[in-house]
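Working notes, structure below.
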Amino acid sequence: MEFERGAARALDSALHQGASYADIRYERVREERVEVRNGEVATLSDERSAGYGIRAFCDGAWGFAASDDAGDAGLDGTAARAVAIARASASIAKHRFAEAPSECYVDRFATPVESDPGNVPVGQRVAYLLDVEKHLHAEPTIRVGRAWIDLWHTEKEFYSTTGSKIEQTIVQSGSGIRALAVSDDDAQDRSFPGDIGFYQAGGWEIVEQARLRENASRIGEEAHRLLSAPQAPAGEMDIILGSSQMSLQIHESCGHAAELDRIMGWEANFSGTSFLDPSLVGKLKYGSELVTILIDNTLPRGLATVGYDDEGAKSVKSDVIRDGMLVGFEMSRDTARTIGRPTNACVRAQNWQYVPMIRMCNLVLLPGDRPFEALFEGVRDGLYMESNRSWSIDDHRLNFQFGCQIGFEIKDGKRGRMVKNPTYAGVTPQFWNSCDAIADAASWVAWGTPNCGKGEPMQTGRTAQCASPARFRNVKVGVGYGG
Amino acid sequence: MEAERREQIAKALVERSKADETEVIIATDDRALTRFTHNAIHQNLASANAEARIRVIVGGRTGVASANAGDERALGEGLERALELAGFAPADPLLPELPRPARYAPPAHAFIEATNQASPERQTQIADAIFAAATDGIWAAGYVATTRNGITISNSQSVMASFDSTDAACNAKLTATDSSGYAERFSHDVDEIDGRAIGTIAGDKARRSAHPRAVDPGDWTVILEPAAFGELLAYLTGHFSAQAYDEGSSFFSHNRGLQFAGENVTVVDDFSHPLHRGMPFDYEGTPTKRVALVERGAATGIVTDTTWAAKLGWDNTGHALPAPNAWGPHPRNVVVEAGSKSVEQLIAQTKRGLLISRFWYIRTVDQRKTIVTGMTRDGTFLIEDGELRGGVRNMRFNQSIIEALAGCEFSDTQARTGGYSYSIVVPAAKIERFCFTSLTDF
């Protein structure tokens, strides 16, 4: 392990300074991106960064310090800074948020990769995107086409004063396309796959699976057609959400709501709190009996899948909602302890510079029992929506309003004409309790979200929400456009 | 890392490069941040980083790489990777040259030694002062942060631009049984961060908005405090980018000079405003010009960078973001000119309306129409007959920003507000006919 000697020095230094526990997370991060815009390579970059973050526990409080200086003086100074910060926190502590961990793991983890992105020459990546992007310009109204590939590689080492030594290699990949159609008085976006592209843990096979080339012309044509499509209806009606919009729905109205740090008020001034409370476990009927949502941080290809989280806890599978009932939360060691549970290893940091905190990781909505097309049966007058365009939810995670890029009327059980600017709104538990059908595993997708914002300083997290399309009854639609 | 060292590193990399053109950005970030909730600190951190960003151009082909700036070997590898990447890019025959040397006018207020020297104990003291205002069952959550940033931009045209700044920030939300209040302060000088004052304002709002009542959604007259108005306006600033204007996603695309607001509305981008961070050049080393984005209600100003100035044949206003940048130039120092009345006068002249402390989770619903949605949060008050009448439950709005600006009036005092991706200087704004679409239970 590359950083073992440096880690030992830093941990010794933290203990010497007075910490009763310390851990250090060293990361070497590589992020490659290619982006083509209107036939030009707008981004061709290879960004690398290396550094470490030290957590020191002292007098009942945590301190965190990070640095890119891996020399002896840097290690000692950063360890001392972490301890000093912990002491400053403890000096005005009215109560404790934390206890020192006692677990010890010695292990390795690597993301399973079928096709190493390093074997795909940069020239091939560029040529592929230039070809894909060209096909977005299906109509003269397409003013902007974009196509991109992201390839991320993280080498991570974790050491603690309880003896943990964990080495991880995490590979994540993604790609997508976007077309902007413009008329004299309107602009309409279409993107694929989903609204931000297709991101999973894995190698080049994830890029191939996105099938950008096969869908580029369709996406361009849809953006063009949206310019002259009728406005989506307003009122109250049954809706069907495509699986990528379900990913967003789960992310905003379940994933964030069930973060135990948020519930405890740790994000109160910024990301907000939650309508949930530990006393509601086993009592709150979050959704209909069809709704079961798991946290599975071992999920193959899940964008948040790792062997161990960023406080050195082993990845596990646990429940958030079981048969519609609230049963659990996303937790860290400190927050789990407050409700008498073990952590479910949902702690992540954006990279070495950032303090680890609770993230929703991989959320899995279990699929239903019928084909996607069968969801349309039984809808007399409704709306099918796909690919998010706008998302907003209150700071208790209750009142939401989401908009999609494209919609289709549903008339007498059949998909009808295309409509533009579809929106819908609701209140979280009422909405999930109106779910009366979820499509089967054939249309289930493990969507990745590479840009989830939370924390101060703001951290960008990589999460996954896995879902099939689903149907909801009597939902308010058209808000923002007169509804 | 001091400016002299940053310049040495940048100069050496530029000289070493075999590319036709080379640009090196050395950016350092040294920050400390203390977060608290329930009147105690739960996260307390510090981090230090120095990053090098290298852009090379070879025969019209561009490659970008980044690496740790303090690591000699990583820097050399970064330069080689940028050169290698450029070899895979198609040539752009119209790619403009990198900027040439220019004179910069850094403001005097940007770097304050007290902020640079702030200790963990200093931040703890500020937090503790906020806790002192959180009494009678009220609890405080928030943060105190200090940062020191340094940036050097050097290129093969002999540009060498360096800038150092400090910043301090604090906000607090004080929560009572069924209400909450918010206050914030941003400054270059940590000594201007008064924890007791912030706690008192937020606590007072929490107390005065207790037992919030329900009011009907619909069109309301609103008075937006700077934190609320700034967040709303942040969703308009991107419309003044040359790229947005050209591609058709701006509300005034190909209609420069569009009169959309009253003559009292003037918005400029001005790095030298004393409340802004004060960086006098952009991320290509071009001096940042003062640009009037909205002049007396007309959308007149558009910001550019080297690429978009060349594409459109316009002046380079010096608003580039760091390479690689597929999103075009951006106004980063927006200032809304103040009006002539105090917030108290605006309230006193309101028959029925709402005073709003803060918005939350604003997102664009319709780009061209500038319709956004979002929520009120942490202190929303009913105004009747010119007086505050207690708190109201939070509401969701759907509102066109340009239509809001068409009927607005500004207070006489500006404040800096912002989030993690923007900084904006605005007065409070009174807006007629602000559209709320739903009500919450809290």
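A few remarks follow.
Matching residues to (1) among the hydrophobic types (A, V, I, L, M, F, W, C); (2) more than 30 Å from the chain's Cα centre (by Cα); (3) more than 30 Å from residue B:317 (Cα to Cα); (4) facing chain A (nearest Cβ under 9 Å):
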site: B:74; (1), (2), (3), (4): yes, yes, yes, yes
site: B:90; (1), (2), (3), (4): no, yes, no, yes
site: B:120; (1), (2), (3), (4): no, no, yes, yes
site: B:140; (1), (2), (3), (4): yes, no, yes, yes
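- In the set A:90, A:65, A:56, A:86, only one residue is more than 9 Å from chain B (Cβ to nearest Cβ), out of contact with any His (no Cβ under 9 Å at 6 or more places or on another chain) and at negative phi; that residue is A:56.
- Single residue of B:146, B:115 found to be in a strand (DSSP E or B), touching a helix residue (DSSP H, G or I) at 6+ places or on another chain (Cβ under 6 Å) and buried (at least 20 other Cβ atoms within 10 Å of the Cβ): B:146
- For region A:376-395, the condition of being surrounded by fewer than 24 Cβ atoms within 10 Å (Cβ to Cβ), within 30 Å of residue B:147 (Cα to Cα) and within 14 Å of chain B (Cβ to nearest Cβ) holds for none of the residues.
- Residue within region B:150-165 that is out of contact with any Leu (no Cβ under 6 Å at 6 or more places or on another chain) and under 23 Å from residue A:455 (Cα atoms) present: no
- From the list A:475, A:479, A:419, the lone residue that is in a loop (DSSP other than H, G, I, E, B), hydrophobic (A, V, I, L, M, F, W, C) and either at pLDDT 95 or above or surrounded by 19 or more Cβ atoms within 10 Å (Cβ to Cβ) (or both) is A:479.
- Number of the exception - residue B:210 against (1) closer than 21 Å to residue A:273 by Cβ; (2) among the aliphatic types (A, V, I, L, M); (3) not in a loop (DSSP other than H, G, I, E, B): (3)
- Residues located in region B:92-112, provided they are surrounded by 14 or more Cβ atoms within 10 Å (Cβ to Cβ) and within 14 Å of chain A (Cβ to nearest Cβ): B:92, B:95, B:96
- Boolean, residue B:426 is away from chain A (no Cβ under 14 Å), among the β-branched types (Val, Ile, Thr) and within 19 Å of residue B:226 (Cβ to Cβ): yes
- Residues located in region A:127-175, provided they are free of Cβ contacts under 8 Å to residues at least 60 places away in the same chain and surrounded by 21 or more Cβ atoms within 10 Å (Cβ to Cβ): A:173, A:175
- Only one of the listed residues (A:48, A:33, A:96, A:81) is without any contact (Cβ under 8 Å) to a residue 60 or more places away in the chain, closer than 30 Å to residue B:83 by Cα and at the interface with chain B (Cβ under 9 Å from one of its Cβ atoms). That residue is A:48.
- Count - residues of region B:9-31 that are among the small types (Gly, Ala, Ser) and either more than 25 Å from residue A:51 (Cα to Cα) or in a strand (DSSP E or B) (or both): 3
One line per residue, one yes/no per condition, for (1) surrounded by fewer than 20 Cβ atoms within 10 Å (Cβ to Cβ); (2) within 14 Å of chain B (Cβ to nearest Cβ):
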{"residue": "A:264", "(1), (2)": "no, yes"}
{"residue": "A:267", "(1), (2)": "no, yes"}
{"residue": "A:276", "(1), (2)": "no, yes"}
{"residue": "A:285", "(1), (2)": "yes, no"}
{"residue": "A:304", "(1), (2)": "no, no"}
{"residue": "A:307", "(1), (2)": "no, no"}
{"residue": "A:319", "(1), (2)": "yes, no"}
{"residue": "A:323", "(1), (2)": "yes, no"}
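- So residue B:373, is it crowded, with 18+ Cβ neighbours inside 10 Å, part of a strand (DSSP E or B) and either basic (Lys, Arg) or at pLDDT 95 or above (or both): yes
- Matching residues in region B:166-207 - criterion: being part of a helix (DSSP H, G or I), in contact with a helix residue (DSSP H, G or I) (Cβ under 9 Å, 6 or more places away or on another chain) and more than 14 Å from every other protein chain (Cβ to nearest Cβ): B:190, B:191, B:196, B:197, B:200, B:204
- Being among the basic types (Lys, Arg), out of contact with any strand residue (DSSP E or B) (no Cβ under 6 Å at 6 or more places or on another chain) and not in a strand (DSSP E or B) is a condition met by at least one residue of region A:80-96.
- Filtered by the rule that a residue be under 28 Å from residue A:355 (Cα atoms) and assigned to a loop (DSSP other than H, G, I, E, B), region B:42-88 gives B:69, B:70, B:71.
The values are calculated or read from the model by the stated rules, or taken from the named source; none is laboratory data. For clarity, every value in this text was computed on a predicted model and none was experimentally measured. Virtual Cβ from ideal backbone geometry, glycine too; neighbours counted across all protein chains shown.
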